[in-house]
Each structure stands twice: as structure tokens, then as C-alpha cells.
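Student: Supplied in C-alpha cells, the structure appears directly below.
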Amino acid sequence: MEIIRNACPVPAIAEKDVALVAIGDIHGRFDLLVRILPTIEKVIPPTCKRVDLVLLGDIIDRGDAAIEVLDLIREGINDWNIISLMGNHEQLLLRVLNADMANYRMQWALWRGNGGLSTLENLNIKIPPIAQTPIYEHRKALVKALGAQRIEQLNNFVSHYKSGNILCVHAGIDPAISIENNFNATKLSTHPKHWAWIRDDFLEHTGPYEDGTFIVHGHTVLPGPVLEPHRIGLDTGACLYGVLSGALFFNSEMTVFQVTTDQ
């Protein structure tokens, strides 16, 4: 099923005449990604000078087709400018790939147990049991399975994207510090208020943010999407509920849209 809401005025203005499209957490749901693309085409204004498609992170894990999602994004969609943000699930995988020998098994277990198993199964290869395999051989098998192109792609995911006064980020920001300082944190930081992980402090903040910044985020599954005066959350549970949501920002209006697994 496809749902397209009526355009409404919001205090969120992207770069002039640019269609900024943000999509919530895909989590390996290639079927929903393919289904939402024609919906995006319907809502894009014909007068826009460019389409910026922002994927809000957590593109991989949990769903059964993370690899197909990654490959489609890498190949390109129409002539759109695709910006892939790093979510906590991409971070977990990169922690495995970058872990030292002492921490590798812990990082592997953390990623695998938090949805990474689905991505491993999607690769359709057998990684040797970690308890019976030297770490360097185990990591070598994982690197080979993922492939150099996908690993480079994941490493190129960015922390955030700014257009006009709209800030797109995976989980949110720590309102206790400046926006700039939020993004001084490294991509693989384990801080609980990191932009790929934060929840309560961000969600409970009533705004406003500096310079009237409007935040578009995913990470926390919310019914809706949920719109506040200073933010909108677009993770509506692609894996949990079969609903993938997005929002188009064009000049001073926002159009929210969704696709579901229902026919």
C-alpha cells in the first residue's frame, strides 16, 4: 500500500529549489526500498533543480536483503544525488572490521547478535565458527564475503547531511552540546550519546535548536512518522511493522509518504 500525505508548511527549508528526500531505516528491506522509489518519483516537483536522496542509516541488518540494498545504492538511482548516512548497524559492522585482536570476538558477537546474522545469511556464504578459527582467518573470510567495493561504500557513509536549515542524522544529537561538537565525534565512537546511538536525551528535548535547525532522523521506531516543531522521526519499523516512510522537503513545504507490505 502507498500513502502520500498532503503537503504542509514546516519550519524546515532545504536549499532553494532542491528536492530533499529523506528515507527512514531500511534494514535490509529491499522489497520496500524498490516499492518506495516510484512513490518518490510521484512527489518530486518537476521544477526542482536537483534531487538529494538521504538514507538515514541502518540500511543493513535484520532484513533479508541488505546486500541487494547496498548494491542498488552503490549503482545509483536515476540521476539523484544519494547520501548514505551511517547508522548504528553500519557502525557495528565497521567496528568488527576495524577491531584489534583483543576486541574482535566481542565486536563480532555484538554485531552478529544485533541483526548482523541476517546480513551474513544474505551473503550466502559460510563464515567459519569464530571459536574454532584464528581471528585473522575469520576476519579475512568476512572481508572476502563483503567484498572491497561494499566495505569502501560503508566506510564512505557520512555522519550527517545539511541542506538549508535541515539537518539529517541517524539517531539525533546531544542537545547539551553544540551541533558542531556533536559531529566532532569519530564515526566509530562508543559514547552512548553519539549521533548514531542517542535516544532519550534527544527525543525528550523540546527544542528549539541553534539557528532554527530542523532535524530529520531515524533510529527510534515511532508510529507515524512523528512530527515535532524542531524534528521529524522517520523510522516506522520497516522490519518490525513492514512500513517504510519518507519525507520530501521542497522550499517551505513537506510531503510525508509511506509504503507498506500490504497490497
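Student: State all residues of region 35-65 that are in contact with a Gly (Cβ under 7 Å, 6 or more places away or on another chain) and surrounded by fewer than 18 Cβ atoms within 10 Å (Cβ to Cβ); if no residue qualifies, say none.
Tutor: Matches in region 35-65: Asp64 only.
Table: residues versus (1) among the acidic types (Asp, Glu); (2) open to solvent by less than 20 Å² (accessible area, probe 1.4 Å); (3) within 30 Å of Pro9 (Cβ to Cβ); (4) without any contact (Cβ under 8 Å) to a residue 60 or more places away in the chain.
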site: His138; (1), (2), (3), (4): no, yes, no, yes
site: Leu142; (1), (2), (3), (4): no, yes, no, yes
site: Arg150; (1), (2), (3), (4): no, no, no, no
site: Lys162; (1), (2), (3), (4): no, no, yes, yes
site: Ile166; (1), (2), (3), (4): no, yes, yes, no
site: Ile173; (1), (2), (3), (4): no, yes, yes, yes
site: Phe183; (1), (2), (3), (4): no, no, yes, yes
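Student: In region 137-166, which residues are over 19 Å from the mean Cα position of the chain (by Cα), over 14 Å from Thr213 (Cα atoms) and not in a helix (DSSP H, G or I)?
Tutor: Gly147
Student: Moving on. Here are some residues: Arg105, Arg139, Arg112. Which one is in contact with a helix residue (DSSP H, G or I) (Cβ under 9 Å, 6 or more places away or on another chain) and over 27 Å from Ile26 (Cβ atoms)?
Tutor: After applying the criteria, what remains is Arg105.
Student: Among the residues of region 97-105, is any among the charged types (D, E, K, R), closer than 25 Å to Leu56 by Cα and either in a helix (DSSP H, G or I) or open to solvent by 20 Å² or more (accessible area, probe 1.4 Å) (or both)?
Tutor: No.
Student: Within region 220-243, can one find any residue that is over 24 Å from Gly28 (Cα atoms) and within 17 Å of the chain's Cα centre (by Cα)?
Tutor: yes
Student: Another one. List pairs: first in region 34-56 and within 15 Å of Glu253 (Cβ to Cβ), second aromatic (Phe, Trp, Tyr) and open to solvent by 20 Å² or more (accessible area, probe 1.4 Å), Cβ under 6 Å, 6+ apart or cross-chain?
Tutor: Pro45/Phe250
Student: I'm told Glu68 meets every condition in (1) surrounded by fewer than 19 Cβ atoms within 10 Å (Cβ to Cβ); (2) out of contact with any His (no Cβ under 9 Å at 6 or more places or on another chain); (3) more than 27 Å from Pro225 (Cβ to Cβ) except one. Can you identify the failing condition by its number?
Tutor: The one condition Glu68 does not meet is (3).
Student: Output the qualifying pairs, or none if there are none: Cβ atoms under 7 angstrom, residues six or more apart or on different chains, first residue in region 211-239 and closer than 16 Å to Leu20 by Cα and touching a residue at least 24 places away in the same chain (Cβ under 8 Å), second residue among the basic types (Lys, Arg) and assigned to a loop (DSSP other than H, G, I, E, B).
Tutor: Close Cβ pairs (under 7 Å, with a partner that is among the basic types (Lys, Arg) and assigned to a loop (DSSP other than H, G, I, E, B)) do not exist here.
Student: Mind listing whichever residues of region 245-263 are within 17 Å of the chain's Cα centre (by Cα) and either open to solvent by 40 Å² or more (accessible area, probe 1.4 Å) or charged (D, E, K, R) (or both)?
Tutor: Hits for region 245-263: nothing passes.
Student: Just to be sure I understand the filter: pairs with C-beta atoms under 8 Å, separated by 6 or more residues or on different chains, first member in region 101-112 and free of Cβ contacts under 8 Å to residues at least 60 places away in the same chain and more than 8 Å from Ile130 (Cβ to Cβ), second member part of a loop (DSSP other than H, G, I, E, B) and of a type in the set (Gly, Ala, Ser). Which pairs pass?
Tutor: Taking only residues 6 or more apart or on different chains, the pairs are Met106/Ala99; Gln107/Ala99.
Student: Return the pair list, or none, for Cβ contacts closer than 8 Å from residues in region 190-210 that are over 18 Å from Leu56 (Cβ atoms) to residues that are in a loop (DSSP other than H, G, I, E, B) and aromatic (Phe, Trp, Tyr), at least 6 apart or on different chains.
Tutor: Close Cβ pairs (under 8 Å, with a partner that is in a loop (DSSP other than H, G, I, E, B) and aromatic (Phe, Trp, Tyr)) amount to His191/Trp197.
The values are calculated or read from the model by the stated rules, or taken from the named source; none is laboratory data. What you are looking at is a predicted structure, and each value in this text was computed from that prediction instead of being measured. Note that each Cβ is placed from the backbone with ideal geometry, even for glycine, and that neighbours are counted across all protein chains shown. With ligands, DNA and RNA removed, areas are computed over all heavy atoms of the protein, side chains included. Shrake-Rupley method; radii C 1.70, N 1.55, O 1.52, S 1.80 Å.
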